[in-house]
Amino acid sequence: MMEDSLPTRVSLLRRLRDVADDSSWRDFYERYRRFIFQAARRKGLSTEDAEEVLQDTVVSVARGLPNFVYDPAVSSFKGWLMTITRRRVADQLRRSGRQVPCADTGGEI
C-alpha cells in the first residue's frame with residue numbers, strides 16, 4: 001500500500017507550521033501529492049477534479065496543521081491527511097452535482 005511507503009517525517013511536520021517555509025511546503029507537496037491525487041482518482045474524479053482536490057487539500061492542511069497534534073499512539077498524520085482528502089473529494093463531488101457518500105466509514109477512499 002502506498003501509505004506504508006510514506007513514513008511520516010516529524011521534522012517536516014514541525015517545519016510546515018511555518019506557512020512561509022516554501023522549501024518545506026515543496027517537500028510536502030512532492031512527498032504527498034501522488035497519495036492525495038490517487039485517492040481522489042479512486043473515487044472516480046477526473047484528472048482536473050483530482051488536481052483541484054489536491055490543491056484544496058494542501059490549503060486545508062496549511063490551515064489545519066497548527067491545531068494538529070502528532071501522536072502516533074493516538075492517530076497518524078496520514079490518517080488525518082486522508083480525512084481531509086475525503087472531505088475535499090466530497091466537496092468536489094457536491095460541486096459537480098454527484099452523489100456524496102452518507103458517512104465516512106474510515107475505509108479506503
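The values are calculated or read from the model by the stated rules, or taken from the named source; none is laboratory data. These numbers come from a predicted model, not from an experiment. Glycine also receives a Cβ, built like all others from the backbone with ideal geometry; neighbour counts cover every protein chain displayed. Just so you know, the surface numbers come from the protein's heavy atoms only, side chains and all, with ligands and any DNA or RNA stripped out. Shrake-Rupley method; radii C 1.70, N 1.55, O 1.52, S 1.80 Å.
Per residue, the accessible area of the chain comes to 60 Å² when a 1.4 Å probe rolls over the protein heavy atoms.
Annotation for Ser11 and Thr47: the two label points, set 7 Å from Cα along the Cα-Cβ direction, are 3.6 nm apart. Under the criterion of Cα pairs below 8 Å and six or more residues apart, the relative contact order for the chain equals 28 percent.
Extension gain for Arg87 to Gln38 (0.36 nm times residue separation, less C-alpha to C-alpha distance): 16.2 nm.
Would you calculate a helix-derived [θ] at 222 nm for the chain, using -39,500 (n - 2.57) for each DSSP H run of n ≥ 4 and dividing by the full residue count, to the nearest 500? My calculation for the chain gives -20000 deg cm²/dmol from helical runs alone.
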